[in-house]
Amino acid sequence: MKHTISVLLQNKPGVLSRVTGLFSGRGFNIDSLSVAETLEKDVSCLTLVTHGDEAIIEQITKQIHKLIDVIKVTDMVEHDHVEREMVLIRVKAESGSRAEVLRVIDIFRGKVVDVSPKSYVVEVTGSKTKVQAIIDILRPVGVQEIVRSGIIAITRGKKS
Amino acid sequence: MKMKGARALIKCLNEQGVKVVFGYPGGAVIELYDELLQAKDLIHILVRHEQAAVHAADAYGRVKGEVGVALVTSGPGATNAVTGIASAYCDSIPMVVFTGQVPTKLIGNDAFQEVDIVGITRPVTKHNYLVKRPEDLVPTIREAFYLARSGRPGPVLVDLPKDVIGATINFPETQPIKMRTYRPTYEPHSGQVEKACKMMLKAERPVLYIGGGVINANASEALTELAKKLDIPVTMTLMGLGGFPGSDALSLGMLGMHGTYFANMAVAHSDLLIAVGARFDDRVTGRIDAFAPQAKIIHIDIDPSSISKNVQVDVPIVADCRRALTAMNIWFDKSRDFDQKAVQEQHQVWQKRIKEWKVDHPLVYVEEEGVIKPQFVVRKLHELTGGDAIITTEVGQNQMWAAQFYLFNRPRHFMTSGGLGVMGYGFPAAIGAQIAAPDKTVIDIAGDGSIQMNIQELATAQQYKCPIKIAILNNKYLGMVRQWQELFYDKRYAHTAMDVAPDFVKLAEAYGAVGLRATKPSEVEPVIKEALKTKNTVIMDFVIAREEGVFPMVPAGKATTEMLLV
Ligand SMILES: Cc1ncc(C[n+]2csc(CCOP(=O)(O)OP(=O)(O)O)c2C)c(N)n1
Ligand SMILES: [Mg+2]
């Protein structure tokens with residue numbers, strides 16, 4: 001089963017390689033990974049998506065937690081949370097297809113962030129399925145390149 | 001107070017109570033060595049290979065129950081130390097290793113004798129540091145010692161660029177170490193303790209399975225009290241030997257691949273397994289689904305990631321072993337449900353069964369006329385040292401015979417490279433042990449192959465007048481590998497014969513040590529006696545039955561009940 005794991009860690013040199021080294025050294029999988037700083041300057045948040053059975057996920061969270069620079073490990077599966085991924089797509093857009101492409105982008109509430117005579121760069125954010133869907137739909141039109149951010153996740157605010 | 005980085009480092013060592021540093025100099029640490037020359041409260045032991053410095057620091061730390069310290073130069077000095085660090089990591093040994101590094105402005109330039117030792121040792125250290133700013137030097141060293149000795153102990157490496165050691169710094173006051181990200185759990189959860197104790201009261205066939213964590217946590221006494229109070233047989237891992245008196249009636253000896261028949265049978269038939277500071281290593285469990293199949297499992301360990309890693313645990317207790325065991329002892333002392341007589345009665349059938357296993361298949365070997373059996377040598381060593389020596393081992397058959405036949409009654413008397421299994425560990429470890437305990441008899445039970453991996457340390461032993469006794473169980477083979485080839489590869493002895501080897505007696509003499517040889521059983525005792533009398537390093541070359549095997553043996557991947565016996 002897929003798990004999105006959020007890791008707060010001290011922003012020190014080499015800390016990312018401690019996490020990724022752990023995954024390669026122990027044969028755990030990383031499906032996607034994204035890191036950036038948080039409200040606190042010296043703390044980074046790393047979101048990773050991994051898969052495995054319960055025992056493996058338990059080991060993964062425990063082993064990450066054991067790293068000295070790690071502050072907190074959250075398996076998002078255990079929390080009500082929101083997940084988003086962003087994709088940048090450079091898609092062929094010539095006179096004949098421009099309107100069609102714009103319509104699709106509109107449906108997905110995407111944005112055109114760069115225009116050139118023969119292509120658009122499109123930005124779409126959403127769940128992994130939504131991101132995958134727009135890629136699939138645009139593919140026949142002529143997707144030239146995509147770059148995905150990997151998933152980031154945050155827990156929802158308390159209901160009351 | 002302003003001072004040079006090098007001096008600050010030494011001041012830090014004093015502050016941490018370090019008395020001995022094992023090391024080897026080089027360009028990147030020359031400044032530090034210059035400073036060491038003036039350090040009064042610090043002894044430096046000059047080894048002959050950096051790997052030996054780390055193994056010696058490992059054993060020194062184990063004997064003393066302190067953090068061992070090694071110091072090596074950059075590049076090759078650091079890489080030579082890696083095996084020692086990895087061994088200490090696998091065995092959870094508290095240690096701080098200082099490595100020299102090229103000046104900060106050269107880092108990343110492929111400078112002379114530059115390696116990314118922090119990168120190289122990341123997976124084999126508890127944590128490691130590259131000190132980039134002089135002002136971080138002292139706080140980093142303090143943190144390194146704190147990490148090495150707290151929680152689940154382990155080696156911590158501190159990489160020291162030459163300019164950082166050379167810089168002038170302000171020596172900061174000591175402050176209590178508070179780490180936001182690291183807070184080991186020492187106190188057991190009382191609810192879990194109670195749950196475990198209640199299970200122990202109900203068990204009819206309990207077994208205590210103890211590992212190196214018991215030794216690290218100084219938990220032997222509490223463990224022994226619990227075992228006796230509750231009348232529970234105890235089996236030990238290689239790392240746990242000495243954690244419970246091996247000669248006690250409740251001892252089952254070692255379990256696992258070369259464990260005793262009765263230990264493996266007891267675990268396989270138990271209804272409650274109480275694991276203390278042990279990690280369900282594959283050499284212990286054999287085929288995992290056949291390990292203790294009927295047992296509920298209680299697991300006490302300081303490291304949460306050890307729990308339910310290989311075997312699903314019913315009652316986890318994350319805590320310091322000593323505190324958890326003490327809490328259990330107190331619980332039983334207070335409990336109205338606990339009645340020692342009743343418990344003993346409840347275990348009567350079980351104890352009887354274990355006794356039968358012990359009688360049916362004791363730990364034995366077959367005597368042969370005229371040839372020395374290695375087990376006989378180990379038994380004699382035990383007898384003639386009153387079981388009181390510190391034993392280190394190399395790796396292979398020698399290690400297993402030592403573990404099986406030298407009964408350890410006390411903790412911190414047996415040093416072996418357990419998790420990594422490093423040939424070449426035993427002799428440098430013996431040096432570390434001897435320096436930690438100058439009045440003790442220290443014996444390295446060695447193989448003819450392994451001893452050659454750090455034989456150069458004879459010079460170190462001589463320089464520091466360590467009267468270590470090396471007992472080579474000389475089968476002229478890489479015996480343990482040969483045994484596997486015999487059993488599983490139709491006796492195709494591919495590159496395991498050590499037909500060409502030095503004359504160990506002459507070799508000892510070449511270093512100024514003493515060499516003795518025994519080729520017949522009758523010579524064993526006189527040779528050992530002579531060695532024990534000698535106030536010098538001694539190599540005893542025991543020419544043993546060449547193709548003797550280590551038994552019992554659980555073939556890799558088999559259930560622990562499927563033992564090959566003598
Ligand atoms: C550094 C290292 N290299 C290789 C091995 C693999 N190995 C394990 S036991 C063994 C044989 C050891 O031979 P010896 O020291 O003569 O001991 P014996 O088994 O004969 O008692 C070998 C090669 C090892 N454990 N460590
Ligand atoms: Mg041998």
**Message:** Could you check the spin-label model distance between A:E37 and A:A133? Points 7 Å from the Cα along Cα→Cβ, value in nm.
**Reply:** 3.6 nm
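If r is the Cβ-Cβ distance from A:V113 to B:D136 and R0 is 41 Å, what FRET efficiency results, to the nearest 0.05?
Numbers: r = 42 Å, r/R0 = 1.04.
So the FRET efficiency works out to roughly 0.45.
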**Asked** Which pairs break 22 Å Cα to Cα here: B:K202/B:K358; A:K66/B:K19; A:K41/A:K111; B:K465/B:K533; B:K64/B:K178; B:K202/B:K558?
**Response** B:K202/B:K358; A:K66/B:K19; A:K41/A:K111; B:K64/B:K178; B:K202/B:K558
**Complete:** Taking alpha-carbon centroids only, the stretch B:483-510 lies from the stretch B:38-64 a number of Å equal to 30 Å
**Message:** Residues of the stretch B:225-256 with backbone nitrogen within less than 18 Å of a virtual label 7 Å along the Cα-to-Cβ line of B:Q344, please, listed as ranges.
**Reply:** B:225-234, B:248-251
**Item:** For the protein assembly as shown, diffusion coefficient by Stokes-Einstein and Kirkwood Rh (Cα), 4 °C, 1.567 mPa s, µm²/s
**Value:** 46 µm²/s
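What net charge is computed for the residues neighbouring B:Q434, neighbours being all others with C-beta under 15 Å from the C-beta of B:Q434, Lys and Arg scored +1, Asp and Glu -1?
+3
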**Message:** Quick check: with the 1.4 Å probe, what order do A:E145, A:E85 take by accessible area, largest first?
**Reply:** A:E145, A:E85
**Request:** Find, to one decimal place in angstroms, the Kirkwood hydrodynamic radius of the stretch A:2-78, where the mean of 1/r is taken over every pair of different Cα atoms and then inverted.
**Result:** 12.3 Å
**Message:** I'd like the accessible area for A:S6: 1.4 Å probe, protein heavy atoms, all chains in place, Å² to the nearest 10.
**Reply:** 10 Å²
**Message:** Give me the mean projected area, in nm² to one decimal, of the convex hull enclosing the Cα positions of the stretch B:2-170.
**Reply:** 8.3 nm²
**Request:** Using a 10 Å cut-off on Cβ to Cβ distances, tally the other chain neighbours for every residue of A:10-20 and report the average as a whole number.
**Result:** 2
**Fill in**
Ranking B:M563, B:M540 from most to least accessible area with a 1.4 Å probe gives B:M563, B:M540
**Prompt:** Which of rounded, prolate, oblate describes the stretch B:190-360, given a ≥ b ≥ c as roots of the alpha-carbon gyration tensor eigenvalues and a/c under 1.5 marking rounded, otherwise prolate only if a/b is larger than b/c?
**Reply:** rounded
**Asked** Label-point separation (nm) for A:V141 and B:E221, each offset 7 Å from Cα along Cα-to-Cβ?
**Response** 7.8 nm
**Prompt:** Ranked from highest to lowest mean number of other Cβ atoms within 10 Å per residue, what is the order of the peptides B:155-161, B:449-455?
**Reply:** B:155-161, B:449-455
**For the stretch B:177-263, projected area of the alpha-carbon convex hull averaged over all directions, nm²** = 7.6 nm²
**Complete:** Shape call for the stretch B:167-220, from the Cα gyration tensor axes a ≥ b ≥ c (a/c under 1.5 means rounded, otherwise prolate when a/b beats b/c, else oblate), comes out prolate
**Accessible-area value, B:K352, 1.4 Å probe, nucleic acids and ligands omitted, Å²** = 130 Å²
**Message:** Averaging over every viewing direction, what projected area does the convex hull of the Cα atoms of the stretch B:479-543 cover, in nm²?
**Reply:** 5.6 nm²
**Prompt:** How many percent of DSSP beta bridges within the protein assembly as shown run antiparallel, rounded to 5?
**Reply:** 45 percent
**Distribution of pairwise C-alpha distances over chain A, 10 Å bins, in %** = 10, 33, 26, 20, 9, 1
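With only alpha-carbon atoms in the gyration tensor, what are the semi-axes of the equivalent ellipsoid for the stretch B:254-305, in Å, largest first?
Computed over the stretch B:254-305, the values are 17, 13, 10 Å.
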**Request:** Go ahead and collect, in residue order, the members of the stretch B:211-253 whose backbone nitrogen is under 18 Å from a label point 7 Å along the Cα-Cβ direction of B:R353.
**Result:** B:231-235, B:250-253
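Mind checking B:302-308 for the average number of partner chain beta-carbons within 10 Å of each residue's beta-carbon? It would help to have the intermediate numbers written out before the result.
Details: counts 0, 2, 6, 9, 2, 2, 5.
Mean inter-chain Cβ contacts per residue within 10 Å come to 4.
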**Complete:** Once all protein chains are kept in place, B:R133 shows an accessible area at probe 1.4 Å, nearest 10 Å², of 120 Å²
**Message:** Can you show me the helix-derived [θ] at 222 nm for the protein assembly as shown, built from DSSP H runs with n ≥ 4 at -39,500 (n - 2.57) apiece and divided by the number of residues, rounded to the nearest 500.
**Reply:** -10500 deg cm²/dmol
**Request:** Evaluate the distance, in nm, between pseudo-label points positioned 7 Å from the Cα of A:H79 and of A:R156 along their respective Cα→Cβ axes.
**Result:** 1.4 nm
**Message:** I need the calculated FRET efficiency for the pair B:K535 and B:E509, taking r as the beta carbon distance and R₀ as 25 Å, to the nearest 0.05.
**Reply:** 0.95
**Prompt:** Taking a 1.4 Å probe, which of A:S149, A:S32 shows the most accessible area, and what order do the others take after it?
**Reply:** A:S149, A:S32
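Taking each residue of B:174-185 in turn, how many C-beta atoms of other protein chains fall within 10 Å of its C-beta, and what is the average?
Mean shielding by partner chains, rounded to a whole number: 2.
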**Request:** May I ask for log10 I(q)/I(0) of the stretch A:82-155 at q = 0.17, 0.21, 0.28 Å⁻¹, from a Debye sum over the Cα atoms as equal point scatterers with solvent left out?
**Result:** -0.56, -0.82, -1.37
**Request:** Assuming R0 = 30 Å, can you tell me the calculated FRET efficiency for the pair B:I288 and B:K202, based on Cβ-Cβ distance, to the nearest 0.05?
**Result:** 0.75
**Fill in**
Taking Cα atoms, the helix A:15-26 axis meets the longest principal axis of chain A at an angle in degrees (rounded to 10) of 80 degrees
**Message:** Quick check for you: which residues of the stretch A:35-60 have the amide N under 14 Å from the point 7 Å beyond the Cα of A:R26 toward its beta carbon?
**Reply:** A:50-60
**Item:** Cα pair distances in chain B, grouped into 20 Å bins until the bin that holds the longest one, percent each
**Value:** 21, 51, 26, 2
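The values are calculated or read from the model by the stated rules, or taken from the named source; none is laboratory data. The structure presented is a predicted model; accordingly, all values stated were derived computationally and were not measured. Backbone-built Cβ (ideal geometry, glycine too); neighbour counts: all protein chains shown. Just the protein is used for accessible areas: all its heavy atoms, side chains included, with ligands, DNA and RNA removed. Shrake-Rupley method; radii C 1.70, N 1.55, O 1.52, S 1.80 Å.
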